[in-house]
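Working notes for the structure below.
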Amino acid sequence: MTGTTRLATSLLFAAGSFLMIRQGFRALDPARPPDMPANSYFLQSGYNLQRNEPLGQWIACRPDPGQSADLCRVTDHDGQVIFEGEYLPLHGSEALPEEELRIATRQKLNSLWVRGPAENGPVPVIPLANGKLLVPVADNDALADRWAKNPDELNRITGQ
């Protein structure tokens, strides 16, 4: 092998290794959609082998200045909004400050969606790292009543 051939082989090997490593990191670390804040949390629900990327949903909550509720948004892995609305802690009547709006990381994705009484369809309930549970404002009272009568669903969501 000549020196030029060795150099070309080495460069091809290095480029191939770089691309494999880059794809591996992409597979492990999904790209946050541009309109989701830096404190968004990705909850993985599957994996697309053809595109070499995780599937799941991004969740972010933030205080809404001047309002009595927090704003939360749930998007798919590509950033398409699935649900967005005003949230309050279960049994709560006041918005939480920003430092309390950290999403819990231990939850399974399928435990976030419940039948929302007001929407009469699936709504995400968002467990926070501090143990509180954010629910859509429109569903807060109805879900609190439902879970008081049937705590199994609430226990499944909160992991208790």
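Couple of notes before you dig in:
- Residue satisfying all of: in region 144-154; in a helix (DSSP H, G or I) and exposed (fewer than 12 other Cβ atoms within 10 Å of the Cβ); modelled with the lowest pLDDT among these: Asp152
- Summed over region 31-42, the residues that are within 16 Å of Glu84 (Cβ to Cβ) and assigned to a strand (DSSP E or B) give a count of 1.
- Enumeration of residues in region 129-153 that are aliphatic (A, V, I, L, M) and without any contact (Cβ under 8 Å) to a residue 60 or more places away in the chain: Ala129, Leu133, Val135, Ala138, Ala142, Leu143, Ala144, Ala148
- In region 20-49, the residues that are at pLDDT 60 or above form Cβ pairs under 6 Å with partners that are assigned to a helix (DSSP H, G or I) and surrounded by 12 or more Cβ atoms within 10 Å (Cβ to Cβ), at six or more places apart or across chains, as follows: Leu43/Leu109; Ser45/Leu109.
- In region 59-103, residue surrounded by the most Cβ atoms within 10 Å (Cβ to Cβ) [restricted to those that are without any contact (Cβ under 8 Å) to a residue 12 or more places away in the chain and assigned to a loop (DSSP other than H, G, I, E, B)]: Gln80
- Of all residues in region 44-70, those that are over 27 Å from Ser93 (Cβ atoms) and of a type outside the set (Asp, Glu) total 14.
Each row is one residue, and each column tells you yes or no for (1) modelled with pLDDT under 90; (2) more than 18 Å from the chain's Cα centre (by Cα); (3) more than 16 Å from Ala60 (Cβ to Cβ); (4) not assigned by TED's automatic domain parsing to the domain that holds Leu43.
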site	(1), (2), (3), (4)
Thr75	no, no, no, no
Ile82	no, no, no, no
Tyr87	no, no, no, no
Leu101	no, no, no, no
Arg106	yes, no, yes, no
Gly121	yes, yes, yes, no
Ile126	no, no, no, no
Ala138	no, yes, yes, no
Ala142	no, yes, yes, no
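The values are calculated or read from the model by the stated rules, or taken from the named source; none is laboratory data. No experiment lies behind these values; they were computed from the predicted model shown. In this analysis, Cβ positions are derived from the backbone assuming ideal geometry, glycine residues included, and neighbour counts consider all displayed protein chains.
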